[in-house]
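Below is one structure, written out as C-alpha cells; the observations come after it.
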Amino acid sequence: MKILLVGSGGREHALGVGLQADPACTELHVAPGNPGIAQFAKCHPLVITDNQAILELAQQLHIDLVVVGPEVPLVNGVADLLRAAGIAVFGPSKAAAQLEGSKNFAKEVMRDAGVPTAHSFTCTTQHEIEIALDAFDAPYVVKDDGLAAGKGVVVTNDRQEALEHALACKRVVIEEYLDGPEVSLFGISDGTTIVPMQPAQDFKRALDGDQGPNTGGMGAYSPLPWAPSDIIEDTYKQVLAPMIAEMAARGTPFVGLLYAGLALTDHGTRVIEFNARFGDPETQVLIPLLKTPLATLLYKAATKNLNGTTLEWKEDSAVTVVLAAEGYPATPKSGGAITGFSSIDNVQIYHAGTSATEQGVVASGGRVVTVTGIGEDLTEARNRAYRAISQIRLAGSFYRTDIALNASVAEKGN
Ligand code: AMP
Ligand code: GLY
C-alpha cells in the first residue's frame, strides 16, 4: 500500500515512523514533511492549505491511503475532495471536522448525544457575554468558537481579561470551569465503529509547575498509572461511542481520529474539547507503544472495516519532552542552528519545527523537536528522554523539566 501522510510536525514524524514499520506500507510519501521524516520517507514540498495540490500529488503517486495530520486541511475539506476522487482517507470530512472547527458545534453534538461536558453559553453580543460571565464564577473559561491555532482559549480569574478576549472573538463559547486532571483519550473511527487508544496526558503550559502561557503542548506521557482502571471503557461508553453514533445519525459520519480532551472531575468525566486529528505531542508517546500495525489499522478505518478490531500495546511507558524555540509560544525565534542529535537506545527524536539548510538543520517553528524516551516505567522513560534532550543545542531554546514527574513519583510509591 502506498501512503501519503500530510503534515510536517512532530506528530507526523511519529506517525511516519509507525506507518513505515508496518510491512503493509510499501511506499511512504509525506507532504511537506520535515528533515527528520526525510531520513526515511520521500518528502514533497506543498502548502497544506492547498487542497488541490494534495489531490494532484495523491493522484500522481497512485496513493492508496492519505493520512491527514493537522486540522487545517481537514476543516478546509481536503478529505471530501480526496474521497470524491476515489482515494481512501484517514481523516474526517469538512462537516465532521467541525467537531474541532467550531466549539459551538461540538457542544450541540454533545448535547444531542448526551455526552457530559461543561455547561456553556454561546454568545455573539456584549450583552450575552456579560450575562454568561455573571452566570459562572471565576475562573472564567472563554473560547473562541473557531480554529485559533491554540490561542483561542483563555482561562482567567480576571473578569476584564475574560470580557476582552470574548469581545475579540466573532462568536464565543463561555463555560463552566472544570476542576480535575486532564486526560487525552483518542478513538480511531471508521464512521460507525470507534476503537479507543490508551490514554495520555499532555502538559499545556509553557513552564514548569503549569506556569506561563498555554501552548500546543510541551510534553506528554502514557500510560497513566494513576488513572481509574476503567477509564478507557468509561470514555468509550460515555463519550466516544455516543459521539460517533450521533455524527452518523446526522449524516456526517466521523472517519478518522476523534481526540477527546477530558477533565476527570469529582462529578465524573467531562469533555473539555474535541479535536479531529491526532494530538501533538501525545502521538509521540502513543505510537511508539502501539503494537498493532498502524498502516493496516488506519486503512481499515478509512475503508469502514474496523469492526472487531482491538489494539495491542507494549507494556512499556513513554515520556516525550518538547524543545521549544526562544520566545515560544508568542514570538518563536527561527533560524538558530540545532546540534547534538544523538542516537540513544530507547529514545526517538522527532523533528517538528526544523528546516534543512546548507549550514545544517535550523529551527523553523515554535516547537522544534520532541524527544521520546521509552522504558519499563515512567522513571526510566523520563530519564532517557531528559538525557537525550539535554544534549541538544539550540541557542535560547527551553523545555519543561517536570514532564511526567508527579506520575513517575506516584508510580514508584505504589
Ligand atoms: P482547548 O483549546 O479547548 O484544549 O483548551 C485549552 C486548555 O484550556 C485546556 O487544555 C484546559 O487546560 C483549559 N480549559 C479549557 N476548557 C476548560 C474548562 N471548561 N475548565 C477548565 N479548563 C479548561
Ligand atoms: N496536545 C494538544 C493538541 O494536540 O491539541
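The values are calculated or read from the model by the stated rules, or taken from the named source; none is laboratory data. Because the structure is a prediction, the values reported are computed rather than measured. Note: ideal-geometry Cβ built from the backbone for every residue, glycine included; neighbour counts use all protein chains shown. SASA here: full protein model, heavy atoms, side chains in, ligands and nucleic acids out. Shrake-Rupley method; radii C 1.70, N 1.55, O 1.52, S 1.80 Å.
The order of Y350, Y386, Y177 by accessible area, most exposed first and with a 1.4 Å probe, is Y177, Y386, Y350.
Charge dipole (Cα centre; +1 on Lys/Arg Cβ, -1 on Asp/Glu Cβ; no other charges) of the chain amounts to roughly 960 debye. In the context of the full protein assembly, H62 retains an accessible surface of approximately 130 Å², using a probe radius of 1.4 Å and ignoring ligands and nucleic acids.
Across segment 41-50, coupling constants 3J(HN,Hα) worked out from phi with the 6.51/-1.76/1.60 Karplus curve, θ = phi - 60°, read 9, 8, 9, 10, x, 5, 8, 6, 8, 9 Hz, and Gly and Pro carry x. State the answer as a single residue: which of P329, C25, S342 lies farthest towards the positive end of the charge dipole of the chain, with beta carbon charges of +1 for Lys and Arg and -1 for Asp and Glu, about the Cα centre. It is C25. Bridgeable aspartates and glutamates around K94 (alpha carbons under 12 Å apart, same-chain partners fewer than 8 residues away excluded): E71, D80. Taking all protein chains together and rolling a 1.4 Å probe, T125 ends up with roughly 60 Å² accessible.
Summarising the overall dimensions of segment 78-119 from its C-alpha atoms, the Rg and Dmax are 13.2, 41 angstrom. Computed with a 1.4 Å probe over protein heavy atoms only, the accessible area of K314 comes to about 90 Å².
Could you please put L294, L207 in sequence from largest to smallest accessible area, using a 1.4 Å probe?
Numbers: L294 5, L207 85 Å².
The most accessible residue leads, giving L207, L294.
Counted over all Cα-Cα pairs of segment 223-305, pairs farther apart than 17 Å make up 58 percent.
As a test of reading the structure, rank W226, W313 by solvent-accessible area (1.4 Å probe, protein chains only), most first. Spell out each step's value before the answer.
Values: W226 90, W313 45 Å².
In descending accessible area the options line up as W226, W313.
Based on Cα coordinates alone, diagonalise the gyration tensor for segment 287-405, multiply each eigenvalue by 5, take square roots, and list the semi-axes in whole Å, largest first.
On the way: eigenvalues 182, 72, 32 Å².
Ellipsoid semi-axes (Å, largest first): 30, 19, 13.
Straight-line reach from K42: taking Cα to Cα under 27 Å and skipping same-chain neighbours fewer than 8 places apart, the lysines in range are K2, K291, K300.
Only Lys, Arg, Asp and Glu carry charge here, each on its Cβ (+1 for the first two, -1 for the last two); on that basis segment 207-265 has a dipole of about 260 debye about its Cα centre. Take the Cα of R171, go 7 Å toward its beta carbon, and the backbone nitrogen atoms of segment 43-86 under 19 Å from that spot belong to 72, 74-77.
Taking a quarter of the surface of the Cα convex hull of the chain, what do you get in nm²? Walk me through the numbers before you get to the answer.
Numbers: hull surface 76.5 nm².
So the Cα hull casts an average projection of 19.1 nm².
Cross-link reach is defined here as a Cα-Cα straight distance under 17 Å, omitting same-chain residues fewer than 8 places apart; for K333 none of the aspartates and glutamates meet it. Carbon-plus-sulfur accessible fraction, the chain (probe radius 1.4 Å, protein heavy atoms only): 49%.
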